[in-house]
Amino acid sequence: MRGRRAPRPGSAEVPGAASETDMLRAGAASLARGGQVAEDTGEPEGGGEERPGRQPPAAAARLPDSKLQSGSEDRRTPDRDLQRGRLSRSPRTAQPAPGMGDRGAQHERAALQSPRGPEGAAAAVNGLLHNGFHPPPPACSRDPPPARFQLLSELQPQPLFSQHDSPAKKCRLRRRMDSGRKNRPPFPWFGMDIGGTLVKLVYFEPKDITAEEEQEEVENLKSIRKYLTSNTAYGKTGIRDVHLELKNLTMCGRKGNLHFIRFPTCAMHMFIQMGSEKNFSSLHTTLCATGGGAFKFEEDFRMIADLQLHKLDELDCLIQGLLYVDSVGFNGKPECYYFENPTNPELCQKKPYCLDNPYPMLLVNMGSGVSILAVYSKDNYKRVTGTSFGNMMSKEKRESISKEDLARATLVTITNNIGSIARMCALNENIDRVVFVGNFLRINMVSMKLLAYAMDFWSKGQLKALFLEHEGYFGAVGALLELFKMNDAQ
């Protein structure tokens, strides 16, 4: 008869009849196959945790009970009892079932050895089967535990790949598994800094790819690696700085080379289009980007290439990247250097400098704009001040602007620098009033507003720019007063 168990030596089982203990063991074995019972809906009650690869209960898991109900010819089983209202659902007050491990075995034993009698044991089984939870073990149970149940075939470990899977699918599954095991992202590995003038791109080329990995690698991943590493120029404006390549690095457990690529920000749309054509989004990689362009081009990445940008703080990336590159060195040479005898052109020469203990340091980042940071540790820094240098590296931009645009850009740059220098002097001299005068400000509302903004912003409201109505005439007035003094003396 299906589902009958032979009596064990020393047990009190009676041949030909199923005991309450058999019912409980079979119920627990049903739970081991996924914590679900064969209900009309086929889903576990109570919102228990979903488990992958769950199989429907096998026929061997039915509870054998030859006792027939009055007026019915069917066998009494917990699933039929549930449908007929004979068993009630217990509230979900226990801890989630951990499976068939040690804690799960303790809970099974407690259910089997429950001192509460058949009614209490039935309620425990009901909670096990229909809520997906184990009740807590009774504290007074001291009987020796029964032998553990054997996992059925559907609970045995299954192969990761099917023989019918395509090489591309196998590669994706292997990459995800490898990523989960070693906490590393799937290839390709990129980092982007999208500035106002240039886009800086770093690409890690793995050099320890196994023959199996290479065979299963999807074609578009091979295409991207080949395109980036076999060229030193990309289109008319993209450049790979071969002389900056860092070789034989170990990053995130993989060995390879780090490549440095740049192209004008005005060519960003061509880069995004290339990512779309090479089906970059199918690789399920994350593009980590920093700089103002990470916000400016975020929508274009999403709409054109179906790529999501993970935006990062610009100054955090600057400091962390600097410290990392300095720590690994430049292919056996120091990363940092200085110029000895800088005032003597004949004796001036480049010398290495050890930056092992750099704190505190003033870090001046010069790009389209300038940021000056006071760095006290890798996690403790602040932006002290900054200034602006224009964005005229692109020939297309130079040809598209007017003389008025150039004049305004020059005016803004000069005014910001004046405001920054004045504020630093005020801090050094411990002075909190800054007065601006001179003919530079005559009928120059643009500069006055810029100075007011710069002083207020950089001082966090502590300093105010003060102006006078007769901006450029105070020198002449002073000369006149000196003339009066001379006449009085005579």
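The values are calculated or read from the model by the stated rules, or taken from the named source; none is laboratory data. Only a predicted model underlies this, so the values are computations on that prediction, with no experimental measurement involved. Reconstructed Cβ throughout: ideal geometry from the backbone, glycine too, with neighbour counts over all protein chains shown. Heads up: the accessible areas ignore ligands, DNA and RNA and are worked out on the full protein's heavy atoms, side chains in. Shrake-Rupley method; radii C 1.70, N 1.55, O 1.52, S 1.80 Å.
For segment 405-455, the fraction of 1.4 Å probe accessible surface lying on carbon and sulfur atoms is 61 percent.
Among the protein heavy atoms of segment 221-336, carbon and sulfur supply 55% of the accessible surface, probe 1.4 Å, non-protein parts ignored. Just to confirm my numbers, what's the Cα centroid distance between segment 366-408 and segment 242-265 in Å? Here the two parts' Cα centres lie 26 Å apart.
Local charge for Glu277 was computed over the other residues whose Cβ lies under 14 Å away, with Lys and Arg +1 and Asp and Glu -1, and equals -1. Given a 1.4 Å probe and the protein chains as shown, Phe330 ends up with an accessible area of around 50 Å². Solvent-accessible surface of segment 225-299, taken per residue with a 1.4 Å probe and all protein chains present: 53 Å².
Net charge of the neighbourhood of Ile401, taken over other residues with C-beta under 15 Å away and scored Lys/Arg +1, Asp/Glu -1, is +1. With a 1.4 Å probe rolled over the protein heavy atoms of all chains, the accessible area of Met366, Met448 falls in the order Met366, Met448, largest first.
Note on exposure: His243, His310, His259 ranked by accessible area (1.4 Å probe, complete protein assembly) read His243, His310, His259, with the most exposed listed first.
Which shape class, rounded, prolate or oblate, goes with segment 243-289 when its Cα gyration tensor gives a ≥ b ≥ c as root eigenvalues, a/c under 1.5 marks rounded, and past that a/b bigger than b/c marks prolate? The shape class here is oblate. Rolling a 1.4 Å probe across all protein chains gives Ser282 an accessible area of roughly 40 Å².
At a probe radius of 1.4 angstrom, the accessible area of segment 328-397 per residue rounds to 72 square angstrom.
Over 18 Å apart at the Cα level, from the set Lys222/Lys278; Lys236/Lys311; Lys236/Lys397, are Lys236/Lys311. Let a ≥ b ≥ c be the square roots of the eigenvalues of the Cα gyration tensor of segment 349-468; is it rounded (a/c under 1.5), or, if not, prolate (a/b larger than b/c) or oblate? Oblate, because a/c is 1.5 or more while a/b does not exceed b/c. Rolling a 1.4 Å probe over the protein heavy atoms gives segment 414-455 an accessible area of 64 Å² per residue.
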